[in-house]
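Peer 1: First the structure, then my questions, so here it is.
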Amino acid sequence: MRFPSVLLLCGMIAAAPALIAQQTASSSSQGPTGTPAQTTTTPSKAPEQGKSQSSTPALHLESLPPLPRELTPAQQKALEAKRVLAEVNRIARNQVNWGPAMSTPGYSLAVIDKGHKSTPEGTQVTFSVHAKGFQPGDSLRLLRWPLDSAIKDVASGLTVDGTGQLICPEISQGNCLSSMQPGDPVHVTELAARGEPLRLAVVSADGRKQAEATIIPFPLEDTSNNCKLEVILGAKNSSLVLLEGAGFPPRTKVEVHIVSYGKDQPVTTTTNSQGGLIVAVLPEIAGHASGTTTVSYKGSSCSPSLSFPWGKGSYHPL
């Protein structure tokens, strides 16, 4: 196992200076067998015939494990880039799979737009939540995964009525009655920027069943004939976005152009069997705190194109 061996190596490295110091001290204060050295100057006796004189092998510096080598600035930068890339891939995979792919078979979630309201902070959107597969009386939790944050509890002790709508029951095993009346349907009210996903999940109290869904109140997309490109925020200020496409020829290589500050970074990907594509994009350009990126595709039958802002100050609820 690698982890224990690393711990052991670290322990030996930490102990190396003490071992060297102990060896130095033993050579001046102890005899070859580890017993206190004699202070008299009597001549040493030769070992008897057939007997060997025992001795502790000298501990040489070259027999110690090597000390850890410090990373150069270039190596530290490469390591950090690798860590960032792994985190980007994790977020992108979770976003792509958030929905039917991560839901328990036979369970699904529908988030229904119930209306918009203008506020000084932006447009407030209200949704109702309907879950399929759960039964009335099941104790359920509602979770939300906001941008730039871990998954959070919205309410617990919920259940569904006969139509599958999420409600707070008269007798709850959670906290929903602290903010809702018995029998009230669950309404989620949010502000959202263009392209920002609302990611919700309903999970049984024992954690064995779950249903997830994503809805984008204000899509950031462009359609040309049958082809569509859509930008979905993976982080506030668009430091990470997902570029999704639909309506392209199935199982075909397509080249999407991603342009920031005049720098074109074409990406070639292969569409799936339904003619869809998904690409994770990091639009930021070194030396610039903010900017605008344009993504486009130019084909014989369609040419969708759209732009989005990124960087400091670019996140604004609609």
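The values are calculated or read from the model by the stated rules, or taken from the named source; none is laboratory data. None of these values were measured; they are calculated from a predicted model. Positions of Cβ are backbone-derived with ideal geometry, glycine not excepted, and every protein chain shown enters the neighbour counts. These accessible areas exclude ligands, DNA and RNA; they are computed on the full protein's heavy atoms, side chains included. Shrake-Rupley method; radii C 1.70, N 1.55, O 1.52, S 1.80 Å.
Peer 1: Exactly one condition in (1) open to solvent by less than 60 Å² (accessible area, probe 1.4 Å); (2) under 28 Å from the mean Cα position of the chain (by Cα); (3) farther than 15 Å from residue 207 by Cα is false for residue 104; which is it?
Peer 2: (3)
Peer 1: List every residue pair whose Cβ atoms sit under 7 Å apart, with the two residues 6 or more apart in sequence or on different chains, where the first one lies in segment 304-318 and is within 15 Å of residue 123 (Cβ to Cβ) and the second, anywhere, is aliphatic (A, V, I, L, M) and assigned to a strand (DSSP E or B).
Peer 2: Short answer, once both residue conditions are applied: 315/193; 316/193; 317/191; 317/193; 318/193.
Peer 1: Looking only at segment 109-130, filter to residues that are under 19 Å from residue 203 (Cβ atoms) and either touching a Cys at 6+ places or on another chain (Cβ under 9 Å) or β-branched (Val, Ile, Thr) (or both); which one of those is most open to solvent (accessible area, probe 1.4 Å)? Before the answer, list the steps.
Peer 2: Within segment 109-130, the first condition is being under 19 Å from residue 203 (Cβ atoms), and the residues that meet it are 109-111, 127-130.
Remaining after also requiring either touching a Cys at 6+ places or on another chain (Cβ under 9 Å) or β-branched (Val, Ile, Thr) (or both): 111, 129.
Working: 111: 24, 129: 0 Å².
Here the answer is 111.
Yes or no, residue by residue, for (1) at pLDDT 95 or above; (2) open to solvent by 50 Å² or more (accessible area, probe 1.4 Å); (3) farther than 24 Å from residue 193 by Cβ:
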site	(1), (2), (3)
264	no, yes, yes
278	no, yes, no
283	no, no, no
286	no, yes, yes
299	no, no, yes
307	yes, yes, no
311	yes, no, no
